[in-house]
Amino acid sequence: MRFTHFIAIAFLLSLTMFIGCKGTENPYGTVQVEGTVTLDGTPIEGVNVNFIARGGEFSAGGLTNASGKFTVATGGFTGAKPGEYDVTFSKMELSGQDLSYEEYTAKFGNRQPEPVYLIPQKYENAKTSGIKPVTVATDKKQNVFTFELQSK
């Protein structure tokens, strides 16, 4: 399995692991973070947006809706801890997801199908994305971000 697949799966598992957290106290001290992601000027749905803390231990993530809008969560709590973050984006699909088990094994056997990247793969890595780090402030009014991705 490719490293990028591992990152995507680990991110989704970490989000679902904390969904059941109950209680009113937020141990992370997060503040609301929201924004919009476009690809070539058009809002894009289903993009994993990851805020990766620079030099810290906390990260946050979310998923864009049909309008390209997202909010992030940290450990099941809305928002991100104030600080500086690298931001990464991913959206991919695996061929064969709509096939029955028999059709899938006939087509792919025991091998994993290659992913189809619906946004350029360079956005999965902060070093190659060209996206500048962002600062999450304690004032949630400052935590509205727009990310304009390009397909070329």
- Put a dot 7 Å past each Cα toward the Cβ at residue 151 and residue 45; how far apart are the dots in nm? 1.7 nm
- Message: Which of 84, 124 has the fewest other C-beta atoms within 10 Å, and how do the rest follow up to the most?
- Response: 84, 124
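All of the numbers you see were taken from the coordinates with simple rules; none came from a lab. These numbers were taken from a predicted model, which means no experiment stands behind them. Heads up, the Cβs are rebuilt from the backbone with ideal geometry, glycines too, and the neighbour counts pull from every protein chain shown.
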